[in-house]
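The values are calculated or read from the model by the stated rules, or taken from the named source; none is laboratory data. Everything numeric here is computed off the predicted structure, so don't read it as measured data. Using ideal geometry, Cβ is built from the backbone for each residue, glycine included, and neighbour counts are taken over all protein chains shown. Quick note on the areas: whole protein, heavy atoms, side chains included, nothing else; ligands and nucleic acids left out. Shrake-Rupley method; radii C 1.70, N 1.55, O 1.52, S 1.80 Å.
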Amino acid sequence: MRVVAGQAKGLPLKAVPGNSTRPTTDKVKESIFNMIGPFFDGGTAVDLFAGSGGLGIEALSRGINHVIFTDKDKKAVETIQANLEKTKLTESAEVYRADAERGLKAMKKNGVKARLLFLDPPYHMEKAYGLMAKAVEFGLLEDDAIIVCEHERDIELPDETAGCVRFKKELYGNTIISIYRYQGEEGERID
């Protein structure tokens, strides 16, 4: 596992010890960023169920200004912090050990507005994809924000939910990447 592109390109990332997480492969990560970027001119990203922090770190490397990482696993939080230090991106990040919904509530309280939301829960936590609607309800997404959901092939996510419209769906082995765009409070279609 490594940073694919940008200022930290090529730097290896540590995986979370044990089998509690499922890191996004470099090939899938590169495909995701080719669909949503590939580079950015600032903004904030939120990496829920962050695991090793690979998606958020990739976003930082590609020009996102600030990433908020949340994971409830202590080993994951330690791994994210180590990976941020290794990539010299610590100053651009906040790392919290918290359950994802609690993390979203704290972000609401702090007035966070995200340009990118990574939603990659453990596959058995199908209900976690409902957090996209929570992020909308809490006002955490900028208009036109991108939401990246990684899910198992057997899990079918809706084409539209809570003002978010899926505009890409790609299959990689047993993994599907569904990418949504938040249409904004007015709900107008933004292409």
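In the chain, the DSSP beta bridges split such that about 50 percent are antiparallel, to the nearest 5. Of the beta bridges in region 60-171, as assigned by DSSP with both residues counted there, near 15 percent are antiparallel. Could you tell me how many degrees, from 0 to 90 and to the nearest 10, lie between the Cα long axis of helix 100-109 and the main elongation axis, the longest principal axis, of the Cα atoms of the chain? Approximately 70 degrees, to the nearest ten.
About its Cα centre, region 68-165 has a charge dipole of approximately 600 debye under the convention of +1 per Lys or Arg Cβ and -1 per Asp or Glu Cβ, with nothing else charged.
Could you work out the Rg to Rh ratio of the chain, with Rh taken as the Kirkwood radius (inverse of the mean 1/r over all Cα pairs)? Answer for the chain: 0.92. Solvent-accessible area of the chain (1.4 angstrom probe, protein heavy atoms only): carbon and sulfur portion equals 45 percent. Farthest towards the positive end of the charge dipole of region 44-114, among the residues Met107, Phe49, Ala76, is the Cα of Met107, using unit charges on the Cβ of Lys, Arg, Asp and Glu. In the chain, which longest range has no GluC sites (Glu not before Pro) that are both DSSP loop (not H, G, I, E or B) and surrounded by at most 14 other Cβ atoms within 10 Å? Free of exposed loop sites, the longest segment is 1-155.
Heavy atoms of the protein chains alone define the surface here; on that basis region 27-178 has 45 Å² accessible area per residue at 1.4 Å probe size.
Around the Cα centre of the chain, unit charges on the Cβ atoms of Lys, Arg, Asp and Glu (plus for the first two, minus for the last two) sum to a dipole of about 700 debye.
Cα axis of helix 26-36 to longest principal axis of the chain: angle in degrees, 0 to 90, nearest 10? Between helix and principal axis, roughly 40 degrees.
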